1. Report the calculated FRET efficiency for Tyr31 and Ile79 (r = Cβ-Cβ distance, R0 = 25 Å), to the nearest 0.05.
2. For the pair Leu219 and Ile125, how long in nm is the line joining their label points, each one 7 Å along Cα→Cβ?
3. What full-extension length gain, to one decimal in nm, is calculated for Lys139 and Leu118 as 0.36 nm per residue of separation minus the Cα-Cα distance?
4. Subtract the Cα-Cα distance of Tyr242 and Ile101 from 0.36 nm times their separation in residues, and report this length gain in nm to one decimal.
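Please treat every number below as a calculation from the coordinates, not as lab data. What you are looking at is a predicted structure, and each value in this text was computed from that prediction instead of being measured. Cβ: placed from backbone, ideal geometry, glycine included. Neighbour counts: every protein chain shown.
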Amino acid sequence: SVVDKNGMSVAYTTTIEELFGSAITVPVLVYCMGISVTQSISESVFVVGITSFCGGIYNLIQNRVAWSPLLWLGIPSVISAFITKWFIVPTLPAEILVFQIHLSKDSYLMLLFAVLLLLISRGMIRPKKIASVENSKTKFFPAVITGLVVGCLIGLLGIGGGFLIVPALVLYFHLDMKIAVGTSLWLIAFNCLVSIVSDSSGSVFDWNFLFLYTGLTILGMVISWSLSKRISSEKIKVIAGYVILLTGIFVIAERIFGNH
């Protein structure tokens, strides 16, 4: 993670989207609701998209959205999300062999998801602070690369990518942290919309459950905003980081030692 020009930790800004979004949604759908991994990822994109859109509206009202950086990150990420969801995901092998272990498509996708959770949790529990230089030159090429990676993540694993987008906006465009957060939410929402439209898996959603779960997710996001005014943001960040860390460890253990 990074710190902005005011010395504020950017790592905390990813907790709302990652903890109340895909980081918890996919495991809940898979292990609590018994939904397949592929469908859980698709449904997670819907939840993350609606949640991010609501957060984006709030930040737009607060004047915390920068549209120019959004285009530089958004155009490549939207293209990447479409290509990943429409062309790459349908061609993934039904089974792969890793260290003499046969892993189904659901299993290796969940393992990739879990590894990403470990990386996210590391940045939230013990963030490496890299100060952004306000007067340095805007870096468009790294921003485009970041956008491509973010689009791939949302298309492949249903991860919104806030943990990549916010630091990129601070480092490459030198935005204030709060503006970077508001901008990132719109980018995530756009990517989710593209991913849903380009989903060729033929998933049939349980809309009643999805609307209920999404409503609870938004409620959780609002509660976290309220708590951040009373409890140290660093404490909330660390707690959320450990929740994500334990989720990642559980998924890895279950997929390796359980059914493949």
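1. For Tyr31 and Ile79, the calculated efficiency is 0.15.
2. 3.0 nm
3. Length difference between fully extended and current span is 4.8 nm.
4. My answer for the length gained is 47.9 nm.
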